[in-house]
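As structure tokens, the structure follows; a few thoughts come after it.
No lab work stands behind these numbers, since they all come straight from the coordinates. This is a predicted model, so every value here is computed, not measured. When we count neighbours, we look across all protein chains shown, and the Cβ atoms used for this are built from the backbone with ideal geometry, even at glycine.
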Amino acid sequence: MSVNYDTLKKLQDVLAQVFIVEDRIKEIPRDLEVKELVLQKTKVNYYEMKDKCDQVRAELEELNRKYIEAGKEREAKESAMESATLVRESENNEKEIRDAAIIEQTLFKNKNAKQKYLADLETKLAVQDEIVKAQEEEVEEETKKKDSLIAEQMTILDKLNVEREELSKDLPANLLFKFERIIRNKAGVGVVPLHGIICQGCFMELPQQFANTVRRNEEISFCPYCSRVLYYEESDEDNNVIQVHGDIHTEEGEEGAAAESIFSSDEDIFGE
Ligand SMILES: [Zn+2]
């Protein structure tokens, strides 16, 4: 059976596109997943900040309460001083008022510092809130986009698959399986010419007998090094081969048969 390499080349191009589109379809939800993950982290940050704000706000309230109490205490001591009659009592009172005033002032300073800290936190929380909202919008947009992008790519894929079916229909299933795997692994190139005895896919030198088999084009040959499908193409290399290896048109000899048996062991996809 001689092989139609044009069909294989066309199939190669269609398959390469099919795989690109398939990968693209897989990538589409991934963009959304990444955005959702980022949003999740931003939200965690936001809630941590919010908890911190609530905590600091409660501490501030407590400080305020203590500060007001301290003020009342000082005032009470000042009134007591006014009604003090003994010198000794008055001295005691003065010291107590001074102490109460120090406590009041300290609380006032702490309260102000806490107030400032809370204001900073609230500013940061507001910024984080904006980020959350922006990312939520992005996720929402991406979700809408995802569905239409997938539908769009599926239409392209369906068309390609029709071509793929058409080009594949006369090819044996095991060849198709192998060929599709090669295209996937070899960046879309699964059929390459043989120049002389050199595979133009991996540029390895192949045994002369194997090259002869390729040249006879009676069956599909796969490069034993890179697994690509090989077809013979005339080139300058032919002259070199003749010089080095002599006449490549020698009739089927024992050598030719031997080479075939070496390289067709697992490549014999048309084997009967
Ligand atoms: Zn090769």
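Lys and Arg at +1, Asp and Glu at -1: add these up for the other residues within a Cβ distance under 12 Å of Tyr46 and post the number.
Result for the local shell: +1.
Sort Asp13, Asp120 by Cβ crowding within 10 Å, fewest neighbours at the top.
Fewest to most other Cβ atoms nearby, the residues stand as Asp120, Asp13.
Would you list Thr42, Thr143 from fewest to most Cβ contacts within 10 Å?
Working: Thr42 18, Thr143 13.
With the fewest neighbours first, Thr42, Thr143 line up as Thr143, Thr42.
What Kirkwood radius, in Å to one decimal, follows from the Cα pairs of the stretch 24-118? Walk me through the numbers before you get to the answer.
Numbers: mean 1/r = 0.0574 Å⁻¹.
Across the stretch 24-118, the inverse of the average 1/r is 17.4 Å.
Go through Phe179, Leu157, Asn112 and say which Cα lies farthest out towards the positive end of the charge dipole of the chain; charges sit on Cβ, +1 for Lys and Arg, -1 for Asp and Glu.
Asn112
Considering Cα pairs under 8 angstrom that are at least six residues apart, work out the relative contact order of the stretch 47-116 and quote it in whole percent.
45
What is the sum of charges, Lys and Arg at +1 and Asp and Glu at -1, for the other residues whose Cβ falls under 13 Å from the Cβ of Lys109?
+3
Can you give the calculated 222 nm mean residue ellipticity of the chain, where each DSSP H run of n ≥ 4 adds -39,500 (n - 2.57) and the sum is split over every residue, rounded to the nearest 500 deg cm²/dmol? Could you put the intermediate results ahead of the total?
Working: 6 runs with 201 residues, N = 272.
Roughly -27000 deg cm²/dmol at 222 nm, from the helical runs in the chain.
Using Cβ counts within 10 Å as a stand-in for footprinting exposure, how do Met49, Met154 rank, fewest first? Could you put the intermediate results ahead of the total?
Details: Met49 18, Met154 12.
In increasing order of surrounding Cβ atoms, one gets Met154, Met49.
Let me understand the stretch 5-168 better: what is its radius of gyration from the alpha carbons, and its Dmax, in angstrom?
35.3, 121
How much FRET efficiency would the formula 1/(1 + (r/R0)^6) give for Asp147 and Val189, where r is the Cβ-Cβ distance and R0 is 25 Å, rounded to 0.05?
Calculated transfer efficiency: 0.15.
State, to one decimal in nm, how far the label point of Ala113 lies from the label point of Lys43, with both points 7 Å from Cα in the Cβ direction.
Computed distance between label sites Ala113 and Lys43 equals 3.7 nm.
Which of Asn239, Ala101, Ile198 sits closest to the plus end of the dipole of the chain, meaning its Cα is farthest towards the positive end, when Lys and Arg get +1 and Asp and Glu get -1 on the C-beta?
Ala101
Mind giving me the nanometre distance, one decimal, between the label points for Lys66 and Glu94, set 7 Å out from Cα along Cα→Cβ?
2.9
Between the stretch 117-164 and the stretch 3-31, what is the C-alpha centre distance in whole Å?
The distance from the Cα centre of the stretch 117-164 to that of the stretch 3-31 comes to 27 Å.
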